Amino acid sequence: MKVAIASDHGGINIREEIKSLMDEMGIQYEDFGCECDTSVDYPDYALPVAEKVASGEFDRGILICGTGIGMSIAANKVKGIRCALVHDTFSAKATRAHNDSNMLAMGERVIGPGLAREIASIWLGTDFEGGRHETRVGKVSAYENK
Ligand code: RB5
C-alpha cells in the first residue's frame, strides 16, 4: 500500500506521528508538506493529495489540519474520493469496513497524537467488507459519475 500524507500548519505534529507509525508498520508513504512555520491554505494540500489518490498513483491519503474539516471538505470535491473525518477508533474501523474510505482526515486541535496514531493504525489495517456496503458505495459513485 502506498499512502500520500499532508497537513497544513495546524496538523504538523500529528503528521509526524503518523509518519513514524507508517515507518513501524512498514507502509510506504510520501509526505506532501507543508514545510511551513507560518499559516498556509489547506486546499493547497488537500486537493493535490486527493488527486493523487483518485488517479491511482497512491492507494490511500491522510490529511491533517486544525479541525480536519477543511481538509475533508476539499478532498471530497475530487471525483472518486471518499474522505472520512475521524476522531474516534470505532469510526476509523467502520469507515474502512463500510464506506471503503480512501482518505482519512483528522484535526490536531481536536485530538492528541496518541489517539490519532490509534485511529490511523486501525484505518490503515482494516479491509472493506464489500457485500451490501458495496451496493451503497456504488450508489454514491453512480451519483458522482452521472
Ligand atoms: C487553520 O487555522 C484552520 O482553519 C485549518 O487548520 C483547519 O482547521 C480548517 O478546517
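What to note about this one:
- Taken along its three principal axes, the alpha carbon spread of region 4-146 comes to 44, 29, 26 Å, from the longest extent down to the shortest.
- Rounded to the nearest 10 Å², the accessible area of Tyr29 at probe 1.4 Å: 60 Å²
- Largest to smallest in accessible area, the residues Arg96, Arg132 fall in the order Arg132, Arg96 (1.4 Å probe, all protein chains included).
- With DNA, RNA and ligands ignored, accessible area of Leu21 (1.4 Å probe; Å², nearest 10): 10 Å²
- Relative contact order, percent, region 65-129 [alpha-carbon distance under 8 Å, six or more residues apart]: 40 percent
- Partnerless Cys - the chain, beta-carbon criterion under 4.7 Å: Cys65, Cys83
- Relative contact order [Cα under 8 Å, 6+ residues apart], region 1-139, whole percent: 26 percent
- Magnitude of the charge dipole for region 91-134, about its Cα centre and with charges confined to Cβ atoms of Lys, Arg (+1) and Asp, Glu (-1), is about 160 debye.
- Cross-link partners of Lys2 among aspartates and glutamates (Cα-Cα below 18 Å; sequence separation of 8 or more within a chain): Glu16, Glu17, Asp23, Glu24, Glu30, Asp31, Glu51, Glu57, Asp59, Asp100, Asp127
- q = 0.14, 0.20 Å⁻¹: log10 I(q)/I(0) that the Debye formula gives for region 39-120, counting C-alpha atoms only: -0.40, -0.82
- Percent accessible area from carbon and sulfur atoms, the chain, protein chains only, probe 1.4 Å: 48 percent
- A 1.4 Å probe, protein heavy atoms only, puts the accessible area of Glu144 near 60 Å².
- A Cβ-based charge dipole, computed about the Cα centre of the chain with Lys and Arg at +1 and Asp and Glu at -1, lands at about 760 debye.
The values are calculated or read from the model by the stated rules, or taken from the named source; none is laboratory data. Here the structure is a predicted model, which is why all the values come from computation and not from measurement. All Cβ positions, even for glycine, are placed from backbone atoms using ideal geometry, and neighbour counts span all protein chains on display. Areas reflect the complete protein model, heavy atoms only, side chains present, ligands, DNA and RNA absent. Shrake-Rupley method; radii C 1.70, N 1.55, O 1.52, S 1.80 Å.
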